[in-house]
Amino acid sequence: MKYLIAANWKMHKTVAETLEYLEIFLPSVKDLFAVDIMIAPPFTALASASIKLDAAKKEGEYNVFLGAQNMFYAEKGAYTGEISPLMLNELNVDYVIVGHSERRQIFGEKDNLINNKVFSAIEHGIRPILCVGETLEEREQGITLKVVENQIRKGLAGLGADIQFVDIAYEPVWAIGTGKNATPEQAEEVHRFIRSLINELSKGNDDKTRILYGGSVKPENARDLIKQPNINGFLVGSASLDPKKFYQIITEVLEV
Ligand code: PGA
């Protein structure tokens, strides 16, 4: 299984800053095929990033993919402020982050909406990264696995063998943007659980599904996390905003 190292820029970087980043980052990952790399800029910078990436791929070999941070499930309609899968298709977007905890908490996204998005993304050839994870309160109550199981069962409901077209990101909410990552053991416990759950739900068709860890991943902790047998990559927020740091995380993964 090829690991996936993904950058979630959240609401950071203008078009100019995106192009500046890619100018520095792309040469560092030229001819690097051992891992899949994904970058998810904000919507306003997607088109420019897409053109830049296409141009780079005409000049050399890059295993870098483009991601969106969100998507609505309908193809078009009266959905003010939303972005459709067709719009992402036009920009050659390969991945979409679905159900991030910030979408769930700040924008009130529920599991059935997230499930619709997962279905729609797959139908339109965009690979969803379904995000799940418990809050600090839920961890302290000892219901972490229950919360994650519920989010996965509902988020992937009805998919069956199509789970192979999805990646999962386990992102404990208390570890996101806090500088406090889950320990490798804490993460591995949940990843192991997720692996057995999706194996059951997909009836064994989960060998292409990567389970990423997200939550304060940085060059300093990447190595110990990626050594865990059920951690198949990362979804990186803050540390991905610096092209050198993001590249360092990739090299940490490659060295293990
Ligand atoms: P962080 O964010 O790396 O800044 O903790 C991760 C994420 O929310 O995807």
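The values are calculated or read from the model by the stated rules, or taken from the named source; none is laboratory data. Small disclaimer: the values here were computed from a predicted structure and weren't measured. Note: ideal-geometry Cβ built from the backbone for every residue, glycine included; neighbour counts use all protein chains shown. Heavy atoms of the whole protein, side chains included, go into the accessibility calculation; ligands, DNA and RNA do not. Shrake-Rupley method; radii C 1.70, N 1.55, O 1.52, S 1.80 Å.
Brief remarks on what is shown
- Of the residues making up the stretch 145-155, at least one is under 21 Å from residue 233 (Cβ atoms), open to solvent by less than 50 Å² (accessible area, probe 1.4 Å) and of a type in the set (A, V, I, L, M, F, W, C).
- Restricted to the stretch 12-129, the set of strands (runs of 3 or more DSSP E) holding at least 3 residues that are aromatic (Phe, Trp, Tyr) and open to solvent by less than 60 Å² (accessible area, probe 1.4 Å) is empty.
- Count of the stretch 158-179 residues which are loosely packed, with under 15 Cβ neighbours inside 10 Å and at pLDDT 95 or above: 3
- Test set (1) more than 13 Å from the ligand (Cβ to nearest atom); (2) touching a residue at least 24 places away in the same chain (Cβ under 8 Å); (3) open to solvent by less than 60 Å² (accessible area, probe 1.4 Å) - residue 256 fails condition number: (3)
- Of the residues making up the stretch 208-245, those that are without any contact (Cβ under 8 Å) to a residue 60 or more places away in the chain, away from the ligand (no atom under 13 Å from the Cβ) and among the aliphatic types (A, V, I, L, M) are 211, 231.
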